[in-house]
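No value in this document is a laboratory result; all are computed from the given coordinates. What you are looking at is a predicted structure, and each value in this text was computed from that prediction instead of being measured. FYI the Cβ positions are ideal-geometry reconstructions off the backbone, even for glycines, and counts take in every protein chain you see.
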Amino acid sequence: MHTTTYRRLTHEEREEISRGLAQGEKMATIAKRLGRVTSTVSREVTNNRGQGGYRAYSASRRAQARSAARRFGKRLLATNERLRTYVLAKLRLRWSPEEIVARLADEYPQDMTMRISHEAIYQYIYVLPRGSLKKELITALRQERKYRRKRNGRKQPSAETRGKIANMLSIEERPAEVADRTVPGHWEGDLILGKYKRTALGTLVERTTRTTILVPLKAKDAASVRRAYVRALRTLPKSLTKTLTYDQGKEMSQHQKFTIATDIKVYFAHPASPWERGTNENTNGLIRQYFPKGTDFSKVSVAEIKRVQHELNDRPRKVLGWKKPDEVFNQLVALKG
């Protein structure tokens, strides 16, 4: 009986697939020309199609990384104690494998022994034997889908039940510099609600640097929230506190008093439009890693809240070129000083 040995696609074959797709050819036609079955070409395109479509170079890079992860990933972390110590420490801080890989290159630019692919880190975690270490590391990995909500997935209160906030400034009146993030000092805010919605934690995020301030709250009424936000933002240079974008929650109904105390104008997003405060929404997803739904914030110490704040601001972000919010914000503070 004749058995066909599977051969991995070569870079030249991937180039041929890319050219064929660009010319509008069917996958079956491309596969026949390569001497491959159609399912091989279809699987290759499905697995490696990026935002700009299928690209041979990107597909080859992904294939090489996956191969390296399978061949060297476990062995690398098993034998290189210094690299393993670094990776495990950052995983416990809830850094993603991609964040870890980027910071390794930044912190050890000349040391090629401190290199690993993010696929290799995932491989290492998932091939660990069952036990407390594997459970701890898997728990620390960010579960994006767990916190991602559909835009219309949560029922929003109507204007009548929500109660209109007096003298609101609409997000449509917000300066253009806020939208394009060219100038720092523009913040987004929200509440994360605790158990039975009886307690809450205030969250403030700077749009340019992604710096996060977690605001402990004794209560979530408008006066309490206003006083707490004023205390939190007064500690910052005035040049880095220009505006605040918020949803139409009643806790911000004293926005005019807040503006008088801080000189920070408050702009309100449209109802049921969390994407208008996308930076804050994404950050709240990170915060929920530490404080899941059902957390009773009255039992969480200020010290613990500030520890989490420090971890969030000490975590490299892809959008910042893998710098940390603290690094970018402190640079700005030094320049303004």
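Observations
- Rg over Rh, two decimals, segment 222-262 (C-alpha only, Kirkwood Rh): 0.94
- Value at 222 nm in deg cm²/dmol, rounded to 500, when DSSP H runs of n ≥ 4 in the chain each add -39,500 (n - 2.57): -14000 deg cm²/dmol
- Centroid-to-centroid separation of segment 13-34 and segment 163-237 [C-alpha atoms, Å]: 52
- Kirkwood hydrodynamic radius of segment 234-323, Cα pairs, Å: 15.6
- Size of charge dipole - the chain - debye, nearest 20, with Cβ of Lys, Arg +1 and Asp, Glu -1, no other charges: 1140
- If you take the alpha carbon atoms of segment 154-287 and fit the smallest convex hull around them, that volume is 108 Å³ per residue.
- At an R0 of 56 angstrom, the distance between the Cβ atoms of ARG7 and SER239 translates into a FRET efficiency of 0.40.
- Rg/Rg_ref, the chain, where Rg_ref = 2.2 N^0.38 Å and atoms are Cα: 1.23
- Protection-proxy order for peptides 118-124, 56-62, each taking the mean of Cβ atoms within 10 Å per residue, highest first: 118-124, 56-62
- Charged-residue dipole, Cβ positions (Lys, Arg, Asp, Glu), segment 181-255 about Cα centre, Debye nearest 20: 200
- Sorted peptide list for 173-179, 322-328, criterion being average Cβ within 10 angstrom, highest first: 322-328, 173-179
- Cβ-defined net charge surrounding SER39, 14 Å radius [Lys, Arg +1; Asp, Glu -1]: +3
- Measuring between alpha carbons in the structure, the pairs from LYS250/LYS299; LYS135/LYS195; LYS90/LYS306; LYS195/LYS250 lying more than 21 angstrom apart are LYS250/LYS299; LYS135/LYS195.
- Length added when fully stretched, LEU169-GLU107, from 0.36 nm per residue minus Cα-Cα: 17.9 nm
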